[in-house]
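**Q** Have a look at this one before I ask anything.
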Amino acid sequence: MNAPLRPTLVIVGPPGAGKTTVGKVLARRLGVGFTDVDALIVARAGKSIADMFLHDGEDAFRALEREVVAEALGSVDGVLALGGGSVLAEQTREALRGHRVVLLMVGLADGLRRTGMSTARPLLAGVNPRATFKALLDARAPLYREVATVEVDTARRSANQVARAVLLALGEIPADAPEPAADPHDPLDVPTPHESTLLPDPVRVPKD
């Protein structure tokens, strides 16, 4: 009897953290497939996430999201990126125990800039996007950290740099591995602008 499939790693984080972009880079470097839970939900529902929020309501969307995540955790064997709000469900957080979970974090300014407050992100389309995004980060950060194996800050890093930091933190590449030269013509090698201080090193989250 075949053993159930299991993701190589799962990516979580707030909107704008680059879960899909970095997830694809990681999948390529690990030689595995990439699956985006949001894309699975859209395919299952036959409508965009914005339309689900508008016509069906957030509760219906979250119920479908829980179902799709549970199925994906038992049927995907590559890199799996979860939606920003997936960790709100206790059963999803419980299901993530034992998985290698990568938390990609993003600050308030970067998150707002990267998301662009588009209508594709219904929770951020209110009258005061900044306050909404801050409240979202404050509420979800402890939940992300509850499930994370490693945490990597994405500010001022390119997608390739974030992917390398993740692989280093997970022990997938040796700590003394030379960093490949950046290609100025490759958008995945362009760091995100940020005015903050130096970035912290990737953090391995201690587990009880």
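The values are calculated or read from the model by the stated rules, or taken from the named source; none is laboratory data. All values reported here derive from a predicted model rather than from experimental measurement. Don't worry about glycine lacking a Cβ; one is built from the backbone with ideal geometry, like all the others, and counts go over all protein chains shown. Surface areas here come from the heavy atoms of the whole protein model, side chains and all, with no ligands, DNA or RNA. Shrake-Rupley method; radii C 1.70, N 1.55, O 1.52, S 1.80 Å.
**Q** How much of the calculated P(r) for the stretch 1-96 lies past 18 Å, in percent of all Cα pairs?
**A** Values: 2080 of 4560 pairs.
The answer is 46 percent, as a whole percent.
**Q** Around Ile11, which amide H atoms from residues at least 5 apart in sequence, or from another chain, sit under 5 Å from its own amide H, with H modelled in the peptide plane?
**A** Hits under the 5 Å cutoff: Leu80, Ala81, Leu82, Val102.
**Q** For Glu90 and Arg145, compute 0.36 nm times the residue count separating them, minus their Cα-Cα distance, and round to one decimal in nm. Provide the component values of the computation, followed by the final result.
**A** Working: separation 55, 0.36 × 55 = 19.80 nm, distance 1.35 nm.
Between Glu90 and Arg145, full extension yields 18.5 nm more.
**Q** Still on this structure, please answer the following. Sorted by average packing, counted as other Cβ atoms within 10 angstrom per residue and highest first, what order do 37-44, 158-165, 53-60, 12-19 take? Mind dumping the intermediate values first?
**A** Working: 37-44: 16.9, 158-165: 23.0, 53-60: 12.1, 12-19: 25.5.
Order by mean packing, descending: 12-19, 158-165, 37-44, 53-60.
**Q** Next up: Per residue, how much accessible area does the stretch 36-114 have with a 1.4 Å probe, in Å²? All intermediate terms of the calculation are to be shown ahead of the outcome.
**A** Details: 3380 Å² over 79 residues.
Using a 1.4 Å probe on heavy atoms only, each residue of the stretch 36-114 averages 43 Å².
**Q** So what J values fall out for the stretch 27-36 if you push phi through Karplus, 6.51 cos²θ - 1.76 cosθ + 1.60 with θ = phi - 60°, rounded to Hz, Gly and Pro as x?
**A** So the J values, rounded to whole Hz, are 4, 5, 5, 8, x, 10, x, 10, 10, 10.
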